[in-house]
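Asker: I have a structure I would like to understand better, so I am pasting it below and will then ask my questions one at a time.
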Amino acid sequence: MRRFALIAIPYLWLVLLFLAPFLIVLKISLSDAALAIPPYAPTLKDGIGTLIAELDFENFVFLTQDDLYWKAYLSSLRIALISTLLTLLVGYPIAYGMAKAPDEWRATLMMVVILPFWTSFLIRVYAWMGILSNEGLLNQLLIWLGLIGEPLTILNTNTAVYIGIVYTYLPFMILPIYAALDRLDASLDEAAQDLGCTRTQAFWLVTIPLSKNGIVAGCFLVFIPALGEFVIPSLLGGSGTLMIGKVLWEEFFNNRDWPVASAVAIILLLILVIPIVLFQRNQQKQQEAEQ
Amino acid sequence: MPRVSQTVFAPWDDPTEKPLIRFQNVTKRFGTFVAIDDLTLDIYEREFFALLGPSGCGKTTMMRMLAGFETISEGKIELAGQDIGHVPPNERAVNMMFQSYALFPHLSVWDNIAFGLKRDRKSKAEIDARVDEMLKLVRLEKFARRKPHQISGGQRQRVALARSLAKAPKLLLLDEPLGALDKKLRQDTQFELMDIQETTGTTFVIVTHDQEEAMTVASRVAVMDEGRIMQVATPAAIYEHPNSVYVADFIGDVNIISGQTNASGTDTYRLSWAEGQQPVTATSDITFSEGQKAHLAIRPEKIRISTDQPVDADNKVQGKVLDIAYLGNLSTYHVELPGGQVIKAQTANTRRIARRDITWEDPVWISWNATAGVMLAE
């Protein structure tokens, strides 16, 4: 009985704060838009029978008809994939450097990686607007150095979105890779060299395969939130930046079409289920390997 | 004494023999700490050489310098006549078996053993044949496809050995190779190691802090302390003829009786060791001057213990049994002498314990011959 009560708490949490809201969103996605409060019909006030009878997949059909939506999904996938790769390229060397640093430095380095979280996310994104704009710090610096004559247009392009995502999600990439590298026995690298590897070969043949779980975990931790990212593309991206998070926001707040917005959200969730399941399996495999 | 004969393996006694490894005045410093202090040492081909010492004595540093993981601060290390000071680890004909085994967890037993061979760009057939040969050598043919975490500790140890031998190195370094095994398995593995060393004819250098292990496997043992070598000799010579109190004390159990020497006949001295006690007689290879301070080191098993006064012993002292350490096959008696010094005497338990005639607080005689111990100056 006590054991049941113990596991009931997380389940109750999940039911109340995840499953119930999901069912509400699912229900709205199957409704029709209406000029009412709330702005959709039918509602529970119409009675259960009418409610079930009037639900349909009209909104989902609509999503397939307007090419805006699938283009936004594809573009989001592309941006999320590219920025995940970029984050990996930046994050791996940092994690490697941290794992190889002397013991007394590690806590400090870890602190430096986490430090940005102490400031509001919005403020940090606004700071990037200041850096990347045409009169921003970066352009001023480059012109002062004489590297460019005309200011570069970075803000309001996809480049700015990539910079924003890489910057924001870098700690999520660094921490799991660092954890994986930190656990590696230093003598494995020496054994590889002892058996005839150069340092580079030892890195590719031993260090990379043995930090694979950290790399996979880090990539999912960046890819999953980046796919539905809304703030970064809307603040740093331009009119050409098409991301599903932005479409969702516009559908909800500008068009006040809650049913279509909900349908967009449900599809996004379905797309995310695949990487989330893969991520979970990776974590599980890692735990099994450690036993 | 070093045994010199045609059949006995003793290249260190042959002045025409060229050593495989030469440490020439090697010094290694970490910052201001001197890990290896002006060390000179020759190791010969086909030797099973043991570096023995307490932790922090520099034995691991010596091994890592041989493997190429540590640079040399001063001096020179030669391998087969070549200075290897600046050769990176991957280009040395030296392989190492790591204390943690350092098996690659993502590779199977087979791939672990093949790892070094693949780096040499050998043909697939050659690699296959060599790996199979190695698997057979360590009797692990059945486990070739397993991952390291799917086999036992003893099997992992053998995979590590096979992997380090696969490239047929001139020199194999073993860093506490049996440290992680339990006692019974360790003893079996020691003999297996000796067999494999003999079969492959590879020169082995083993680092250990376990003196029993060093004595069992090695052709010669170097006893180290604080970055210096105290003595290099065969296990028997180290045990029976230690050159210092440190070595005598580090290897096995020993009684040290300190006193002043008086010559009595050639190579025989009388050692006054306590007020009001008969001086003890001992022979010595080294010469002591009159009244010089000396230490007599005697192994417990060379001291007899009896209830009656012995008649034919060179030295005999009466004492009282303070303690008995029962080890099953042996018993060690701690006998307190009138001056307060405690001497350990060891006897084989040829009788069942109930019939033992000496027990606690018994007055007993301990006795030993003049040749039983070694006289040491320091």
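Coordinate-derived values only; no laboratory data. Keep in mind the model is a prediction, meaning the values are calculated, not measured. Neighbour counts run over all protein chains shown; Cβ positions are idealised from the backbone, glycine included.
Asker: Once you charge only the Cβ atoms, +1 for Lys and Arg and -1 for Asp and Glu, what is the size of the charge dipole of the protein assembly as shown about its Cα centre, to the nearest 20 debye?
Answerer: Using only the charged Cβ atoms, the result is roughly 1240 debye.
Asker: Sticking with this structure for a sec: Which whole number in µm²/s is D for chain B by Stokes-Einstein, with the Kirkwood Rh taken over Cα pairs at 20 °C and 1.002 mPa s?
Answerer: After rounding, the answer is 91 µm²/s.
Asker: If you take the square roots of the eigenvalues of the alpha-carbon gyration tensor of the range B:230-378 and sort them as a ≥ b ≥ c, do you get rounded (a/c under 1.5), prolate (a/b over b/c) or oblate?
Answerer: Oblate, because a/c is 1.5 or more while a/b does not exceed b/c.
Asker: Another one. Under a plain spin-label model, where a point goes 7 Å from the Cα along Cα-to-Cβ, how far apart in nm are A:GLU58 and A:PHE253?
Answerer: Rounded to a tenth, the inter-label distance reads 2.7 nm.
Asker: Moving on. Taking the Cβ-Cβ separation of B:LEU322 and B:GLU74 as r and a Förster radius of 41 Å, what is the calculated FRET efficiency to the nearest 0.05?
Answerer: After rounding to 0.05, the efficiency reads 0.25.
Asker: Quote to one decimal, in nm, the extra length available between A:TRP118 and A:ILE143 on full extension: 0.36 nm per residue of separation minus the C-alpha distance between them.
Answerer: That pair, A:TRP118 and A:ILE143, stretches by 5.8 nm at full extension.
Asker: Any chance you could check the Cα centroid distance between the range A:101-173 and the range A:225-285 for me, in angstrom?
Answerer: 24 Å
Asker: To continue, here is another question. Please label the shape of the range A:1-65 as rounded, prolate or oblate, based on the square roots a ≥ b ≥ c of the eigenvalues of the alpha-carbon gyration tensor (a/c under 1.5 means rounded; beyond that, a/b larger than b/c means prolate, else oblate).
Answerer: prolate
Asker: Additional query: Let's test the formula: R0 of 56 Å, r as the Cβ-Cβ distance of A:LEU77 and B:LYS18. What FRET efficiency results, to the nearest 0.05?
Answerer: Between A:LEU77 and B:LYS18 the formula returns 0.25.
Asker: Can I ask one more? Need one number: % antiparallel among DSSP beta bridges in chain B, to the nearest 5.
Answerer: Counting DSSP beta bridges with both partners in chain B, the antiparallel share is about 75 percent.
Asker: Suppose every Lys and Arg Cβ carries +1 and every Asp and Glu Cβ carries -1, with no other charges. What dipole size does the range A:1-65 come out with about its Cα centre, to the nearest 20 debye?
Answerer: Charge dipole, the range A:1-65, about its Cα centre: 580 debye, nearest 20.
Asker: Pull up the DSSP beta bridges for the protein assembly as shown and report the antiparallel fraction as a percent, rounded to 5.
Answerer: 75 percent
Asker: With unit charges on the beta carbons (Lys and Arg positive, Asp and Glu negative) and the dipole taken about the Cα centre of chain B, which residue among B:ALA67, B:THR371, B:VAL321 sits farthest to the positive side?
Answerer: Highest projection toward the positive end goes to B:ALA67.
Asker: Using the Karplus equation 6.51 cos²θ - 1.76 cosθ + 1.60 (θ = phi - 60°), what ³J(HN,Hα) coupling, rounded to whole Hz, does each residue of the range A:112-127 give in order, writing x for Gly and Pro?
Answerer: 4, 5, 7, 3, x, 5, 6, 9, 4, 4, 4, 4, 5, 5, 4, 4
Asker: To continue, here is another question. Which lysines have a Cα less than 20 Å from the Cα of B:LYS18, not counting those fewer than 8 places away in the same chain?
Answerer: Of all the lysines, those that pass the test against B:LYS18 - Cα under 20 Å, at least 8 places apart if same chain - are B:LYS76, B:LYS170.
Asker: While we're looking at this one, here's another question. Karplus couplings for the range A:166-173 from phi (6.51 cos²θ - 1.76 cosθ + 1.60, θ = phi - 60°), rounded to Hz, Gly and Pro as x?
Answerer: Those phi angles translate into 4, 4, 5, 9, 3, x, 5, 7 Hz.
Asker: Short version: ³J(HN,Hα) in whole Hz for each residue of the range B:40-46, in order, from phi by Karplus 6.51 cos²θ - 1.76 cosθ + 1.60 (θ = phi - 60°), x for Gly and Pro, what are they?
Answerer: After applying 6.51 cos²θ - 1.76 cosθ + 1.60, I find 10, 7, 10, 10, 9, 4, 6 Hz.
Asker: Also: Need one value for B:113-122: mean number of C-beta atoms belonging to other chains within 10 Å of its residues' C-beta atoms.
Answerer: That average works out to 3.
Asker: Work from the charge dipole of the range A:67-290 (Cβ charges, +1 for Lys and Arg, -1 for Asp and Glu, about the Cα centre) and give the residue of A:VAL161, A:LEU77, A:ILE266 farthest towards its positive end.
Answerer: A:ILE266
Asker: Now for a separate question. Rounded, prolate or oblate: which one fits chain A, using the alpha carbon gyration tensor with axes a ≥ b ≥ c (rounded when a/c is under 1.5, else prolate when a/b beats b/c, else oblate)?
Answerer: Because a/c hits 1.5 or more and a/b fails to exceed b/c, chain A counts as oblate.
Asker: Per-residue Cβ counts within 10 Å, from other chains only, averaged over B:87-97: what number is that?
Answerer: Taking all residues of B:87-97 together, the mean is 4.
Asker: Compute a Gaussian network model of chain B, connecting alpha carbons closer than 10 Å, and tell me which residue from B:ASN349, B:ASN243, B:ASN25 fluctuates the most.
Answerer: B:ASN349
Asker: Now for a separate question. At 7 Å along the Cα-to-beta-carbon direction for both A:ILE37 and B:ALA144, put a label point, then send me their distance in nm to one decimal.
Answerer: A separation of 7.8 nm, rounded to one decimal place.
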